[in-house]
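To start, the structure under review is shown below, and the notes come after it.
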Amino acid sequence: MNSARLIVLGVAIVAGGLAALLASNLGSAPPPPPVRVEKVETVGVLVAAKDIGIGHALSEGDLTWQHWPVSAAGDAFVRQSNQPDAVSKYAGSIARAPFSTGEPIRANKLIKAEGSGYMAAILPSGMRAVSTRISPETGAGGFILPNDRVDVILSQRDRAAEQATGIKSHISETILSDVRVLAIDQVVEEKDGQQVVVGRTATLGLTRRQAEILAQAHQEGSLSLALRSLADADPNRRASDDTDRFDKRIDMVRFGVTSTTAAK
């Protein structure tokens, strides 16, 4: 056997020994530590089984139980441990606000109609629902939708100015500010060969005095609704801000003609 073969044989022996050594070391390595999985405590929460619109009368099929982490279940949520019969309990209630699929049900967003209509059920205490006719021209071009906030503008002839100048004159003023639109009566009409949706009647949520102001304004002239920006909504605004100003309006009779003007 020549020297070259001896060298090759020696290298092979050394490589085999190293491989055996590495294999033995790997086989004796300790196993990795087990992964620790923490168990999260959950609770059954009543949620919407499908999308629920405002004014929808709930059925048992609209509600379902879903497991939520206890830490994420708010106090306002309906828990299965506290109300196991909640599905049947809340069936028949009317939604005062919309719910998305999987959204927790909150009791303060539901109300039992007790035989009353939807509008009477969702009206806050002390408020009245009053309807007024609108058109695309008097209703912001059809862009006013339920839950929007609007101003009510009264336009009428200025009889005092007409008698003084002999020229036909009109005046406009905002009689109600930042009132909520409860509903829009919508019908489909054909306009320019296309089917469009046009609201004919707007139902507003008003206090008793505001309802009286609106009824009086219907007799004095034409009404328009001005859509307000969401950024301008003021939840702390008092209804008296309107009624105080309107209470200062007085009726004046000149030459047998009655006109209404604001007191100075």
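Here are a few things to note about the model shown:
- Top-ranked residue in segment 68-99 [being under 21 Å from T42 (Cβ atoms) and hydroxyl-bearing (S, T, Y); ranked as modelled with the lowest pLDDT]: S71
- Residue selected from segment 145-161 under the condition in a strand (DSSP E or B) and over 29 Å from the mean Cα position of the chain (by Cα), by the criterion nearest to T203 (Cα to Cα): S155
- Test: K39 is modelled with pLDDT of 65 or more and surrounded by 11 or more Cβ atoms within 10 Å (Cβ to Cβ): no
- Among the residues making up segment 80-111, those that are under 20 Å from the mean Cα position of the chain (by Cα) and hydrophobic (A, V, I, L, M, F, W, C) are I94, A95, A97, F99, I105, A107, L110, I111.
- Top-ranked residue of segment 210-255 - restricted to ones that are in contact with a Ser or Thr (Cβ under 6 Å, 6 or more places away or on another chain) and more than 28 Å from F143 (Cβ to Cβ), ranked as modelled with the highest pLDDT: R249
A quick yes/no check of all residues on (1) more than 20 Å from the chain's Cα centre (by Cα); (2) buried (at least 16 other Cβ atoms within 10 Å of the Cβ); (3) modelled with pLDDT under 75:
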position	(1), (2), (3)
A113	yes, no, yes
G117	yes, no, yes
A121	no, yes, yes
P124	no, no, no
M127	no, yes, no
T132	yes, yes, no
S135	yes, no, yes
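- Any hit, segment 57-78, residues being under 24 Å from the mean Cα position of the chain (by Cα), among the acidic types (D, E) and closer than 30 Å to D185 by Cβ: yes
The values are calculated or read from the model by the stated rules, or taken from the named source; none is laboratory data. Being a predicted model, the structure only gives us computed values, none of them experimental. Neighbour counts run over all protein chains shown; Cβ positions are idealised from the backbone, glycine included.
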